[in-house]
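Working notes for the structure below.
The values are calculated or read from the model by the stated rules, or taken from the named source; none is laboratory data. Bear in mind the structure is a predicted one, so any value in this text is a computation, not a measurement. As a convention, Cβ positions derive from the backbone with ideal geometry for all residues, glycine included, and neighbour counts pool all protein chains shown.
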Amino acid sequence: MQNFAFHTPATVADAVRAAGEPDSKLIAGGQTLLQAMKLGLIAPGALVDLAGLASLQGIHAAGGTLTIGASTTHAAVATSAQVQQAIPALAALAGQIGDRQVRHRGTLGGSLANNDPAACYPAAVLGLGATVHTDRRTLAAEDFFQGIYTTALAEDELITAVSFPVPERAGWQKFRQPASRFALVGVFVSRGPMGVRVAVTGAGAQGVFRATALEARLATDWSAAALAGVTVPADELNSDLHGSAAYRAALIPVLAARALG
């Protein structure tokens, strides 16, 4: 059994200070960190619990922007009337993450900080051109994601919120791996103040990415028919026992077309 200290900071500043100590790890919902600890993959000397920080929770809509606190759970996003009205596709995405237990414990910020290559939220953040706010700066989606399980965050940097521009249209489709419920391939499409964007999760060898060929077609014709015949190169996609790179490449335009509704 692992021994570790457990900190319950009263403020974001306290959390950042504690996270800066050697061998400390921030914990939000714990859906990834606790499993890694149980498997012996990581043994932090201290955990810094973010669950009690009210400033990291909540959902606010104003001026064409939907802002969600980093510690807001997937279940809260899925059932929020504000999210359902402003960006229904984001509510639908959150409602399909994992199972009920995961949705009631897992958080937006935790998912983004972990940046699992098959996680759903990175597709929404990149697909909507969202901004990630931390305790010290703001990061555009393109600058935040830097590869599998890799982000622009410093070791002691804390996500505080994410701001999503409200799109004119948006959609989400996921072909899930039935055991884990992660995305074998997931596609988020949007048209709005950030232009036309198509973001893909679960398929890329380097994590979430934008499908620029699909974006170019949809920029001229926002319809499923516009994606007929579009191909996605398979050379930089994942290939594993669940599906080959070619299979994932074929799925991407199909799911994008379905996401258009």
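For region 186-196, the criterion of a residue being at pLDDT 95 or above and assigned to a helix (DSSP H, G or I) is satisfied by no position. Of the strands (runs of 3 or more DSSP E) entirely within region 1-117, those holding at least 3 residues that are over 21 Å from residue 153 (Cβ atoms) and at pLDDT 90 or above occupy 59-62. None of 256, 225 is closer than 15 Å to residue 186 by Cα, small (Gly, Ala, Ser) and not in a loop (DSSP other than H, G, I, E, B) except 256. Would you be able to say whether some residue in region 201-212 is over 26 Å from residue 88 (Cα atoms) and surrounded by fewer than 23 Cβ atoms within 10 Å (Cβ to Cβ)? Within region 201-212 (the criterion being over 26 Å from residue 88 (Cα atoms) and surrounded by fewer than 23 Cβ atoms within 10 Å (Cβ to Cβ)), the answer is yes, since at least one residue qualifies.
Scanning region 197-222 for residues that are of a type outside the set (Gly, Ala, Ser), closer than 26 Å to residue 86 by Cβ and in a loop (DSSP other than H, G, I, E, B) returns 208, 221, 222.
Can you say whether residue 203 is touching a Lys or Arg at 6+ places or on another chain (Cβ under 7 Å) and in contact (Cβ under 8 Å) with a residue 40 or more places away in the chain, as far as the supplied structure shows? Taking the combined requirement at face value, the residue satisfies it.
Select, from 79, 32, the only residue that is over 19 Å from residue 160 (Cβ atoms), among the polar types (S, T, N, Q) and in contact with an Asp or Glu (Cβ under 9 Å, 6 or more places away or on another chain).
Numbers: 79 fails: in contact with an Asp or Glu (Cβ under 9 Å, 6 or more places away or on another chain).
Criteria check complete, one pass: 32.
Only residues that are in contact (Cβ under 8 Å) with a residue 24 or more places away in the chain, of a type in the set (A, V, I, L, M) and farther than 15 Å from residue 105 by Cβ were counted across region 38-55, and they come to 4. Residue pairs whose Cβ atoms lie under 6 Å apart, separated by 6 or more positions or on different chains, with the first residue in region 233-249 and farther than 19 Å from residue 212 by Cβ and the second at pLDDT 90 or above and not aromatic (Phe, Trp, Tyr), are 239/245; 242/184; 243/184; 246/234.
The set of residues from region 56-92 being within 18 Å of residue 173 (Cα to Cα), surrounded by fewer than 18 Cβ atoms within 10 Å (Cβ to Cβ) and either in contact with a helix residue (DSSP H, G or I) (Cβ under 6 Å, 6 or more places away or on another chain) or without any contact (Cβ under 8 Å) to a residue 12 or more places away in the chain (or both) comprises just one member, 84.
Could you count how many residues in region 93-119 are surrounded by fewer than 21 Cβ atoms within 10 Å (Cβ to Cβ) and over 24 Å from residue 143 (Cβ atoms)? Residues meeting the conditions: 9.
Taking residues in region 19-30 that are at negative phi, and partners anywhere that are among the basic types (Lys, Arg), the pairs with Cβ atoms closer than 8 Å and at least 6 places apart or on different chains are 19/25; 29/105.
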